[in-house]
């Protein structure tokens with residue numbers, strides 16, 4: 001009996017060792033081209049990893065067990081939006097694993113790789129990824145850039161939102177990340193086309209502001225409301241200094257006086273903010289700061305002692321309506337869900353400055369011919385790299401019909417989608433169709449906006465809601481139970497439907 005157990009254990013150990021040996025051999029095969037490229041002493045500069053005229057080749061080699069671990073890590077709605085996030089950011093559920101990464105043949109051994117994403121971009125087969133070049137080797141970097149961001153474009157089938165959007169922000173003189181395309185593979189399996197987005201950190205700050213010793217925060221579904229000072233996630237700098245400024249801005253925004261613009265201007269660089277805000281409006285960025293109190297950074301510039309807003313997560317641009325709330329009655333030309341934007345827009349001077357900034361963007365940077373030509377160039381660049389190649393001819397008339405049908409989709413239908421996607425493909429058909437929808441937006445945008453603002457910016461005084469927390473559901477359910485017990489089921493249904501529609 002003991003002999004049999006010993007033989008069984010030995011067989012198990014041998015089998016395990018053989019699996020490990022096979023994995024090591026696979027790893028060696030996958031990295032041979034990388035090291036061959038490295039022997040030529042080829043190195044990468046930051047310009048090399050943000051090309052506009054080609055697609056990067058990014059190969060990740062990682063233990064399959066580690067890959068399965070990180071790709072299946074996830075956030076759940078309840079935890080991600082828990083009420084404690086009002087006081088401090090929720091801890092990330094994602095962990096780094098060790099891997100080897102090559103970029104256009106240049107090897108970076110022993111880097112860290114982890115999943116990234118809040119809720120909308122989660123995918124277990126094609127996860128968005130962070131690569132930490134200095135995970136083990138503390139000197140790992142490319143021109144000071146130590147972390148790389150690869151977004152899976154799950155919310156942007158057209159693949160142009162981030163690439164063209166960030167470019168427009170930068171062209172208008174605003175601080176914004178650089179962006180490129182990458183054909184990404186893991187252990188030899190292609191995951192398709194990703195957007196490689198520059199991390200908002202020291203190299204970007206140095207380029208945009210001439211300094212990197214200020215205080216940097218990220219805002220994820222947060223805003224400058226009373227009690228929310230701790231919700232902003234500090235990335236760089238002296239937190240005590242930055243938090244004090246955030247609290248000062250919160251207190252200023254509680255006012256309703258005509259002098260509030262001057263007070264805000266003592267804490268926020270208003271020239272930069274009006275351009276940032278109007279660019280979000282022009283691009284239809286429903287998931288940005290002014291559209292959803294989300295996807296933004298603020299940098300306290302030590303030279304001016306004022307905050308500057310920086311765009312982030314721009315995978316939902318060139319869209320007329322928000323898919324998460326009913327905004328069909330909102331103005332076309334402006335978004336005011338962000339509290340800073342709302343307070344400024346209630347002033348005649350604020351509406352005037354916003355309108356002037358928007359007109360300037362339309363005149364100087366919104367060139368339909370150039371933008372449409374860029375979408376054609378990107379289409380030709382990316383088509384060969386998509387995972388499923390299907391011939392596709394999509395007419396403009398058909399696309400406009402699809403857009404109209406999509407606008408009529410009910411919130412209930414949209415809510416059926418699972419937050420964590422598992423699809424592992426990119427379709428050429430869907431890519432081309434989505435591109436045509438974006439082109440419709442580009443063609444129509446100028447007429448939509450100029451028609452609305454011909455007699456001045458429209459007034460809009462809807463108050464922004466405080467950031468959502470999951471305890472709101474619990475409070476509603478408690479109220480509902482009491483109300484149903486009292487015989488007011490119809491009222492509860494009305495409130496619930498209203499709440500769902502406006503989420």
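The values are calculated or read from the model by the stated rules, or taken from the named source; none is laboratory data. In this text, all values refer to a predicted model and were calculated from it rather than measured experimentally. A quick note on method: Cβ atoms are made from the backbone with ideal geometry, for glycine too, and the neighbour counts reach across all protein chains shown.
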Can you name every residue in the range 299-313 that is more than 18 Å from the chain's Cα centre (by Cα), buried (at least 21 other Cβ atoms within 10 Å of the Cβ) and on the phi > 0 side of the Ramachandran plot? none
Can we say residue 293 is within 24 Å of residue 461 (Cβ to Cβ), surrounded by 24 or more Cβ atoms within 10 Å (Cβ to Cβ) and modelled with pLDDT of 95 or more? yes
Being touching a helix residue (DSSP H, G or I) at 6+ places or on another chain (Cβ under 8 Å) and not in a loop (DSSP other than H, G, I, E, B) narrows it down to one residue among 381, 358; which is it? 358
Which condition number does residue 251 fail, the rest of (1) under 26 Å from residue 450 (Cα atoms); (2) assigned to a helix (DSSP H, G or I) being met? (1)
Would you be able to tell me the number of residues in the range 140-158 that are in contact with a strand residue (DSSP E or B) (Cβ under 6 Å, 6 or more places away or on another chain) and within 22 Å of residue 430 (Cα to Cα)? 5
Identify all residues within the range 52-72 that are over 30 Å from residue 380 (Cα atoms) and surrounded by fewer than 16 Cβ atoms within 10 Å (Cβ to Cβ); write none if there are none. 64, 65, 66, 68, 69, 72
